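Everything below concerns the one structure shown next.
The values are calculated or read from the model by the stated rules, or taken from the named source; none is laboratory data. In this text, all values refer to a predicted model and were calculated from it rather than measured experimentally. Every residue, glycine among them, receives a Cβ derived from its backbone with ideal geometry; neighbour counts consider all protein chains shown. Heavy atoms of the whole protein, side chains included, go into the accessibility calculation; ligands, DNA and RNA do not. Shrake-Rupley method; radii C 1.70, N 1.55, O 1.52, S 1.80 Å.
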Amino acid sequence: MDELEIPLIIRGEVIHDNWVTFPGRHGKISLKAPDVNAYVDQIILKNPSSLKDLYALTLDDIIDYLVELGLHLDPVKNPHIRTAMQVAAATSGHSPEMLGYMYGNMSNIFRRSFIEEAVEQNIGRAHLEGWVSTQLHDRRTAVRAYGARSVHINAGNGAVITLQGVLMNAVLRSDAIMKNPSNDPYTGTAVALTMIDIAPDHPITKHLTVGYWKGGDTAFESKLYRANNIEKIVAWGGFSSMQHIRGYLGPGMDLIALDPKISGSIIGKEAFETPEKMQKVAAKLAKDVGYFNQEGCISARVAYAQSGTDEAGVRKLSQFGQMVFDEVARLPRELSSAHPAFDRQLKDEIDGIRYSNSFQVIGCKAAEGGVIVSQDNEPVDFADQLGCRVVNLVPVDDIAEALSHVTIHTAALGIYPDSLKTEIREECALRGAQRLTTLGFATAEGAAQPHDAMEPMRRMARWVVMEEFDVTQSENTGWVHGGSTVEPEQLNA
C-alpha cells in the first residue's frame, strides 16, 4: 500500500471528495483525506439540543450497542479493522505480530463488565440515568451528568485510546469530532465505518465524526475551536501540540489535557539480595520497558535502583542491566519486538555516550533496544527522549535520591518491593507522581480509575444542578445564612 484514502465521516455520512494529500509517518505511505475546510459547517454540531436523541436511550441501550460493536471488531472478519492494522504496520512503532495482538483484543474494551465497571467507578450509573437528589442544610439539589459537544485529539500509540474515546462519548451521550493521529490514521475511521455497517441510523452512530487533518491547520481549527461550537477538547499530544491547542482556549471551552508524561521505576535494595532475586526483578522491569515497544507514556524510561553508588554497587547494577536486556529480548513477540522505526536521534545520542566513562551501554547496536547504566546517581541528559525499548538504570544509595527526580511530569512508577509503595506514596504524590503500581504492571492501566491525576470521564461531562429551596423556612438573603453585616464605619475604627 503506497497511499491510504481516509474518508471523512460526519455523523454517519461517508465522504470521498475534495481530497488533499499528506505525508505519512515514517515515509512508508502517504495519506489522502477530504479537506476538512470544505466541510467545517457540517462538522460542527450547531444546535446543542440535537443531543436530545441520545436521551431517548437508556444506559443499558447504550451498553448493548457498545457490546454489539465490540463483537464486530474482529480483524479476521472486519475489512475496515484489517485495513487499520495494515496501515498501522507502516505508521506505528509496533510489529505486525504486536498489532495482531492489539487489534485481536479490541472487543475486550467493549465487554459489558469492563464498560459497567468504568461507568460505575468514574461517574456512577445514577448520574447518567437521571437526576440524583441530595438534601443539603438549606436546599435540595438534583445533579445530572450531561454530554457535551467535544473534539478528541487522539494519540496514536495504541488503538485503545480511540476505543476509549468512542466508549466515553457514548455513555456520556456526547457528540465527538475525532482527529485521527498520523501514527494511527485509520483506526478511528475503521470503527466509525463499522458503526455505520451495523447501525447506520442509531443515535450513537450519528454523534461521531472522524477525520484526518494536519494539526496546526489554523484556517480550520480557528473556526472549529469556538465556545459556541465546542464545549470540551480532549487532547493527547506533545508539548508543542498542547501549546498550540491552548492558543484557541477561551471562556466556555474546557481543555482536558492529557499532556506528555514520562514514567519510570524505583527498585529497592531487596532486589539485589541474591542473584535469583535480581533475575526475578529484571524480568519484571523488562515488561515495564518492553511491552508494546515502550510507545506509551506509562512505559518505564528511567529506573532508579538502590544498588549503591560505590564500585561494588555499580558493578552489581551492570549485571542487573544485562539481565534486563536479556529479559526484554525474551518477551513474547506479540507484546514486544525490535522497533520497526528506531528513533534516529535517540540512536545518535546513545552512540555519543557509548564510550563515555559516565555510562555503560548494553545493546543499542541496531533496533533491538538496550540498557544504559549510569555510573553515578544521575540519569542521561536525554532521558525524556528514551524509547524504542531503551531504559536508563541509575544507581542510588538511598531511595530519597530517586524521589528527588519525581515531578509533575511523572505518569507511572513501577515499584519493587510492593511494600515500598506505601512508604513513599505520600512523597511521590506531593511531588506530582500520578500512578504507583507493582513493578511489571506499568502497561496494565485500567479504565476504572484516575488517569493523569484526574478523572477524564467526569471532566468530559457537564455537571448540571437544579436547586429547590423551602420558602417557608427562610427568606432569600442572596448569600449564606447566619452571617452579620459589616458596616463601613467599622472598618475605619
Self-check item: List Trp463, Trp236, ordered by accessible area with a 1.4 Å probe, largest first
Solution: Trp463, Trp236
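Report the net charge of residues surrounding Asp35, where surrounding means a beta-carbon distance below 10 angstrom and charges are Lys +1, Arg +1, Asp -1, Glu -1. Don't jump to the answer; show the numbers that get you there.
Values: positive: none; negative: Asp17, Asp217.
That works out to -2.
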Self-check item: Formal net charge of residues neighbouring Val314 (Cβ-Cβ distance under 12 Å; K, R +1; D, E -1)
Solution: -2
Quiz item: Angle, helix 112-122 long axis vs. longest principal axis of the chain, Cα atoms, 0 to 90°, nearest 10?
Solution: 80
Practice problem: Pairs of Cα atoms under 8 Å, at least six residues apart: use those to get the relative contact order of region 36-174, whole percent. | Solution: 26
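Mind ranking 247-257, 210-220 by how tightly packed they are, going by the mean number of other C-beta atoms within 10 angstrom, highest first?
The packing order, highest mean first, is 210-220, 247-257.
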Practice problem: Note down the relative contact order for region 124-190 as a percent, whole number, built from C-alpha pairs under 8 angstrom at least six residues apart. | Solution: 30
Practice problem: Would you mind pulling out the separation of the Cα centroids of region 337-351 and region 366-414, in Å? | Solution: 17
Self-check item: Taking all pairs of distinct alpha-carbon atoms in region 214-323, Kirkwood radius in angstrom
Solution: 17.3
Exercise. Would you work out which of Ala155, Val14, Phe239 lies farthest towards the positive end of the dipole of the chain? Charges go on Cβ: Lys and Arg +1, Asp and Glu -1.
Key: Val14
Exercise. Mind putting a number on the dipole of the chain about its Cα centre? Charges go on the C-beta only, +1 for Lys and Arg and -1 for Asp and Glu, and I need it in Debye to the nearest 20.
Key: 880
Quiz item: Taking only C-alpha pairs under 8 Å that are 6+ residues apart, what is the relative contact order of the chain in percent?
Solution: 16
Exercise. Can you tell me which of 221-228, 88-95, 312-319, 185-192 comes out highest on packing, and rank the rest after it, using the mean Cβ neighbours within 10 Å?
Key: 185-192, 88-95, 312-319, 221-228
Quiz item: Shape call for the chain from the C-alpha gyration tensor, a ≥ b ≥ c root eigenvalues: rounded (a/c under 1.5), prolate (a/b greater than b/c) or oblate?
Solution: oblate
Quiz item: Mind ordering 158-171, 16-29, 264-277 by average Cβ neighbours within 10 Å, highest first?
Solution: 158-171, 264-277, 16-29
Quiz prompt | Per residue accessible area of the chain, 1.4 Å probe, in Å² | solution = 45
Quiz item: Once both axes come from the Cα atoms, what is the angle between helix 59-71 and the longest principal axis of the chain, in degrees from 0 to 90, rounded to 10?
Solution: 40
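Using just the alpha carbons, could you tell me how many Å³ per residue the convex hull of region 105-210 encloses?
Spread over its residues, the Cα hull of region 105-210 gives 120 Å³ apiece.
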Exercise. Just tell me which lysines come within less than 19 Å, Cα to Cα, of Lys277; anything on the same chain fewer than 8 places away is out.
Key: Lys269, Lys287, Lys316, Lys421
Practice problem: Kindly express, to the nearest 10 degrees and within the range 0 to 90, the angle between helix 275-290's C-alpha long axis and the longest C-alpha principal axis of the chain. | Solution: 40
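Summarise the accessible area of the chain (1.4 Å probe, protein heavy atoms) by the percent that is carbon and sulfur.
Carbon and sulfur together cover 50 percent of it.
Write out the chymotrypsin sites (Phe, Trp or Tyr not before Pro) in region 40-142 meeting two conditions: DSSP loop, and at most 15 other Cβ atoms within 10 Å of their Cβ.
Sparse-neighbourhood loop chymotrypsin sites (Phe, Trp or Tyr not before Pro): Trp131.
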Exercise. Considering the options Asn377, Phe114, Ala90, tell which one lies farthest towards the positive end of the dipole of the chain, charges being +1 on Lys and Arg and -1 on Asp and Glu at the Cβ, about the Cα centre.
Key: Ala90
Exercise. Answer rounded, prolate or oblate for region 8-81, using the Cα gyration tensor with square roots of eigenvalues a ≥ b ≥ c: rounded when a/c is under 1.5, else prolate when a/b is larger than b/c, else oblate.
Key: oblate
Quiz prompt | Electrostatic dipole magnitude of region 219-263 [Cβ: Lys, Arg +1; Asp, Glu -1; Cα centre; debye, to 20] | solution = 60
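Kirkwood-based Rg over Rh for region 286-439 (C-alpha set), two decimals?
Across region 286-439, the Cα-based Rg/Rh ratio is 0.94.
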Quiz item: For the chain, what is the calculated [θ] at 222 nm in deg cm²/dmol (nearest 500), taking -39500 (n - 2.57) for each run of four or more DSSP H residues and dividing by its residue count?
Solution: -10000 deg cm²/dmol
